């Protein structure tokens, strides 16, 4: 018994340690004779042996940790995510297909489709189409009502038809059996056809009984398969569940790819600097940001590398990034020694953008002063809005690249503002501006010299209107006036001389000197050039604006002074960098604008815009916009909406002929009672008297009108004057028939 207790004591675990707070009183003889001393209690820790964990418990915990890790790895694995997207995608195909089929069934049994079409026609301003769809809806309701009435009578008609059919069938079978009995001589053959039909019915019932079970089992799955096919065809699943689109196999842009592309760009200083960097060039890059259908990254170049060296190697950089040249844009941001790279997803720029908000939104309106026209989308995919308030515009590009369509889209938006007046000269004359019939007060269409002369008269009349507004009392309000000239290069290149419209005297001879100024050209004598320059100088202040569209710019068909007078300069695809500089200016091209890098025929409607009116990032001198295309039918619909908000506008197709006036009498009238008057004041008063005639007069015109009359301008106190006494003497000495004034 004692051995047993001893063995148990030996096998028992050691007792837990104890901390004693009682002072030890056992002392030695020496300590007993020593004087008493105060000794604080001492805490003596006793080592604790950790509790033993059973092996089974340890194994269970280890298995649980392994299972949790396996579950976590399985849930976060890309294959699991792919499988999850696959299940969600195909499940949503069934749901989406059900929704589509239900909508089709609803449209087929109700008038929902007709109501949608009626609303669309009303929004487009087409009441005749709306009435047509309303008539179709009424016909559909009538036919549906008739079908329902027929269904109420269907059981009675079916029973009656079934009885008659059964009797007729049985009679035919008996007649057939009788014929067989007569032929065979056995009267039992009379009912043989009837029995054959009965056996066929029994066989059909047997076949149906055999097939019915599998059909019932397969039918739901067949229905699900059909719904899945509809949903899959329409891609009726959330965007995150759809398979990733692989346009052309371009690699995703990562910091290492960008650094490698720069390293192999062919710039020795850049390559050596990247080798010497401790981070292998990663420090040059800013964060890579998603920007529309691509990514954007700022690259700070090392010392000794200029931004021009990178810009001039755009094609090689694009190829190093596994992109086409048109999919990489290089601009210069505000930061020094930095280039900004925008790299498109492969093939993204070849996909069309959506329709214009003017077409999709029936309530869209224009606002000249405070609104912004929805012109298209920038490369980030954001809406590109442009302000047209007090801004002259120039848009250029090669032929058949969307210049007229881009310019017309802005004009259509502005036409929805009823306060804006349009005077349009279309020197192509193929009907692109025909929708503005009833919107523009003047619409000239044609490419001949006669049409150019009419357009020049229109622009000069705009100059006269500008000068009338400038001379008007302060605070006078005017309607915005847009003078739009499409294919303006035709006007600049026109060699014709102004027509001789001088009045004739009693002998049939022209009065005054002939106006031999050319209609076009780039010299100071060109009428169109001078009118454009005057509008650019002062037209903005009084809301008289010049919009020009021209193609293939050169110094001959687009003079430097005219192209630099535009506030908004836009360019479609061009042939050379020198043309890009003409179209947008050297600053924009040096800052990365590259319309000459666009692809002719493939980038139709894509414009590079510089100047005022478009919001640009700090330091950016231009932006690229993919404009919305508005076709002719949509333009007609928008024009109908624009006419609806305007009081009836009568469109003239030629500028009214300038009235004939007696220049000498008019000059005497404006001099009035003054003994003499400065020639500058005479010109101002003449313009106020009749701007259509005298609005563009200069000192040369005034001198020409007075030559040979004896009242020519003379110098007094160093300035040119006109004498009232000489004018009255000239009027008195000329024949009576010529003394009538326009005022008389």
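A short reminder: the numbers here are calculations on the coordinates, not readings from a lab. None of the values given here were measured: they were computed from a predicted structure. Backbone-built Cβ (ideal geometry, glycine too); neighbour counts: all protein chains shown.
Observations
- Options (1) 90.0; (2) 74.9; (3) 45.7 - which one matches mean projected area of the Cα convex hull in nm² as calculated here: (1)
- Among beta bridges that DSSP assigns inside the chain, antiparallel share in %, nearest 5: 60 percent
- Tilt relative to the chain, helix 679-689 - C-alpha long axis, 0 to 90 degrees, to 10: 70 degrees
- Multiplying the residue separation of residue 478 and residue 300 by 0.36 nm and subtracting their alpha-carbon distance yields 59.0 nm.
- Put a dot 7 Å past the Cα of residue 99, heading toward its Cβ, do the same for residue 225, and the two dots end up 2.5 nm apart.
- Length gained when the stretch residue 194-residue 147 is fully extended (0.36 nm per residue, less Cα-Cα span): 13.2 nm
- Each residue in 690, 494 was given a count of other beta-carbon atoms within 10 angstrom of its own, and listing them fewest first yields 690, 494.
- Dividing the convex hull volume of the alpha carbon atoms of the range 663-738 by its residue count gives 87 Å³ per residue.
- Stretchable slack from residue 233 to residue 556, in nm (0.36 nm times residue separation minus alpha-carbon distance): 110.7 nm
- Cα-based shape type of the range 112-241, given that a ≥ b ≥ c are square roots of the gyration tensor eigenvalues and the cut on a/c is 1.5: oblate
- 20 °C / 1.002 mPa s Stokes-Einstein diffusion coefficient of the range 93-174, Kirkwood radius on C-alpha pairs, µm²/s: 130 µm²/s
- Degrees, to the nearest 10: 55-76 long Cα axis against longest axis of the chain: 20 degrees
- Inter-site label distance for residue 363 and residue 325 at 7 Å from Cα along Cβ, in nm: 4.7 nm
- Sites residue 70 and residue 257 - FRET efficiency at Förster radius 25 Å, r taken between beta-carbons, to 0.05: 0.10
- Amide N proximity, the range 191-207 versus residue 170 label position 7 Å along Cα-to-Cβ, cut-off under 14 Å: 191, 194-195, 198
- Virtual spin-label span in nm between residue 493 and residue 242, 7 Å along Cα→Cβ: 4.5 nm
- Protection proxy ranking, highest mean first, for peptides 369-378, 55-64, 396-405, 229-238: 396-405, 369-378, 229-238, 55-64, where packing is the per-residue count of other beta-carbon atoms within 10 Å, averaged.
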